[in-house]
Structure formats: structure tokens, C-alpha cells
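Every number here is computed from the coordinates shown, using simple stated rules; none is lab data. Just so we're clear, the structure is a prediction, and the values are computed from it rather than from any experiment. Every residue, glycine among them, receives a Cβ derived from its backbone with ideal geometry; neighbour counts consider all protein chains shown.
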Amino acid sequence: DYKGQKLAEQIFQGIILVSAIIGFIYGYITEQFGWTVYIVMAGFALSCLLTLPPWPMYRRNPLKWLPVQESSAEEKKPADRKPKRHAKS
């Protein structure tokens, strides 16, 4: 559903943003860029774990689909169709 997709996107972006800020601050304080990368990668992994599987919190508003309509055999006669003409090069 669309509301679930919006929620998943907001959670994903929020976790990435928070982990990037925390990683930058921690990396700046310790003067180790590697820690920044590790923290951002951990945030990415956590956000993937929370948003990629179809958790029930993302499926609360299912879409209502139209019912299947049966078409009759009369509508599908191949003799009634006009042959397609291809453009000459």
C-alpha cells in the first residue's frame, strides 16, 4: 500500500541521516574516518532490515483491486483483426 511505502521510505531516510550524523561526529572526535564509514554502514544495514521485508506495519492499508472480468469468445476472433502493416525503411 502507498502509506506503508511512504512510512518505509521515511524510516529508511531517517535512519541513514541519523547514522550519518552520529558517524560524522564520532569520526571527527576520534579522528578516524573508518569509524564514520562503519557507523553509516551499520545504519544502512539496520534500515534495510527494518524496511525491506514486508512487515505487517507496512501492510495496514491494502489496495482494493477491481474484480476480474471474463471476456467472451466472440471478442477474440482472429478473423476480425486487421493485419498490422510495417513501415518500409
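Quick notes on this structure:
- Rounded to the nearest Hz, the phi-derived 3J(HN,Hα) couplings of segment 18-34 under the Karplus curve 6.51 cos²θ - 1.76 cosθ + 1.60 (θ = phi - 60°) are 5, 5, 5, 5, 4, x, 5, 5, 5, x, 5, 5, 7, 6, 10, 5, x, where x marks glycine and proline.
- As a ratio to 2.2 N^0.38 Å, the alpha-carbon radius of gyration computed for segment 2-58 takes the value 1.29.
- The slack in the chain from Lys6 to Gln32, taken as 0.36 nm per residue of separation less the alpha-carbon distance, amounts to 5.9 nm.
- Those residues of segment 1-40 whose amide nitrogen sits under 19 Å from the label point placed on Trp65, 7 Å along Cα→Cβ: 1-5
- Across segment 2-58, the relative contact order, built from alpha-carbon pairs under 8 Å that are at least six residues apart, equals 46 percent.
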